[in-house]
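In what follows, a structure is listed as structure tokens, so that the remarks can point back to it.
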Amino acid sequence: MNRIKEKISELYKETKRNPELIFKNPFNLLLIPVFFVILIKNRWKTQTEFIFLTETKIDGHPLLNREIKPFYQIKKFFDYQLANRIIEQRVKEEKGAVFNIEDIKKRFERGDYMMVLFVNNLPASYLFISEKIAYFQQVNFKEVLDNDCFAIYDVYTFIDFRGKGLYEDLISVVLNQMKKHDRFWLWVMQHNQISVKVHHRLQINRVICIYEENFRFGFRVLKKKNTNFLLSDLIS
């Protein structure tokens, strides 16, 4: 029974991200009433999700001086067709995760691009960069970026390269290539204490804005509040 509930929950999440799946699988049509009940239950009243927007000065940042190994290479991808093999590799690794390829295509269409760190000619880690408008898709907020600021999001390291400090290497290479800007933005989720601690250690730690999301009686409630504190205040 628990396995059935888990399977239905997975189908619900996939269908929520990509409604077209309802019509591609006739079995999903039978589950529409169940999906409706799950939707109402999930949105009746939820705990508030806190997302913190950090802003970091580039000039003088210690990651600029990180030693980068000679067999590292960074490449930029401005088009989905050129980056799709890397995206497909992530999809294969995260079989339980839900990816909306159309959303990823829209990133490139609006001017965002991917920076990929290659190790011995293999894609090891990547991130997306916005230079015009920063979207935080989870809470449907978007912020217009100043010319001296860019935003980093959706950072991912492939399984075979984890535990080797590549996150620091990737950020270091990106900052060195983006020194024409004065600062960058990066979002951190409050519930992810590992991420909070990592970014505090890397001195990506000044919070300038808090986004709040919850559901009350079926309605989505979004709030934004400007602030100024350090991630260290959140470490439990």
- Task: Inspect segment 219-232 for any residue being among the hydrophobic types (A, V, I, L, M, F, W, C), more than 21 Å from Phe141 (Cα to Cα) and in a loop (DSSP other than H, G, I, E, B) and give the result as yes or no.
- Result: no
- From Asp59, Asp79, residue being more than 30 Å from Asn214 (Cα to Cα), in the same structural domain as Tyr153 (by TED's automatic domain parsing) and touching an Asp or Glu at 6+ places or on another chain (Cβ under 8 Å): Asp59
- Message: Checking Ile129 against (1) surrounded by 19 or more Cβ atoms within 10 Å (Cβ to Cβ); (2) assigned to a helix (DSSP H, G or I); (3) of a type in the set (Val, Ile, Thr): exactly one of these is not met. Which one?
- Response: (2)
- Item | Near pairs, Cβ below 7 angstrom, 6+ apart or cross-chain, from segment 108-122 (closer than 7 Å to Phe78 by Cα) to any residue that is not in a strand (DSSP E or B) | Phe108/Phe78; Phe108/Asp79; Phe108/Tyr80; Tyr113/Phe78; Met114/Ala83
- Report yes if some residue within segment 155-167 is of a type in the set (A, V, I, L, M), in the same structural domain as Lys95 (by TED's automatic domain parsing), crowded, with 17+ Cβ neighbours inside 10 Å and part of a loop (DSSP other than H, G, I, E, B); otherwise report no. no
- Quick one: would you say Asp182 is of a type outside the set (A, V, I, L, M, F, W, C), out of contact with any strand residue (DSSP E or B) (no Cβ under 6 Å at 6 or more places or on another chain), assigned by TED's automatic domain parsing to the domain that holds Val119 and exposed (fewer than 12 other Cβ atoms within 10 Å of the Cβ)? no
- Note down all Cβ pairs under 7 Å where the first residue falls in segment 65-79 and is in contact (Cβ under 8 Å) with a residue 24 or more places away in the chain, the second is in a loop (DSSP other than H, G, I, E, B), and they're at least six residues apart or on different chains. Phe71/Asn120
- Task: Please tell me if Leu230 is within 19 Å of the chain's Cα centre (by Cα), in the same structural domain as His61 (by TED's automatic domain parsing) and not basic (Lys, Arg).
- Result: no
- Taking the options Phe184, Phe141, Phe150, name whichever one is of a type in the set (Phe, Trp, Tyr), out of contact with any Pro (no Cβ under 6 Å at 6 or more places or on another chain) and modelled with pLDDT under 95. Phe141
- Which of the residues that make up segment 217-236 are in contact with a Phe, Trp or Tyr (Cβ under 8 Å, 6 or more places away or on another chain) and either among the hydrophobic types (A, V, I, L, M, F, W, C) or more than 23 Å from Lys132 (Cα to Cα) (or both)? Phe217, Gly218, Val221, Leu222, Leu231, Leu234
- Query: Is at least one residue of segment 187-199 assigned by TED's automatic domain parsing to the domain that holds Leu63, crowded, with 16+ Cβ neighbours inside 10 Å, assigned to a strand (DSSP E or B) and out of contact with any Ser or Thr (no Cβ under 7 Å at 6 or more places or on another chain)?
  - Reply: yes
- Message: Out of everything in segment 84-123 that is modelled with pLDDT under 90 and of a type in the set (Gly, Ala, Ser), what residue ends up being nearest to Val144 (Cα to Cα)?
- Response: Ala97
- State all residues of segment 64-104 that are hydrophobic (A, V, I, L, M, F, W, C) and surrounded by fewer than 11 Cβ atoms within 10 Å (Cβ to Cβ); if no residue qualifies, say none. Phe71
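The values are calculated or read from the model by the stated rules, or taken from the named source; none is laboratory data. Values in this document were obtained by computation on a predicted structure and should not be read as measured data. Cβ atoms come from the backbone with ideal geometry, glycine included; neighbour counts cover every protein chain shown.
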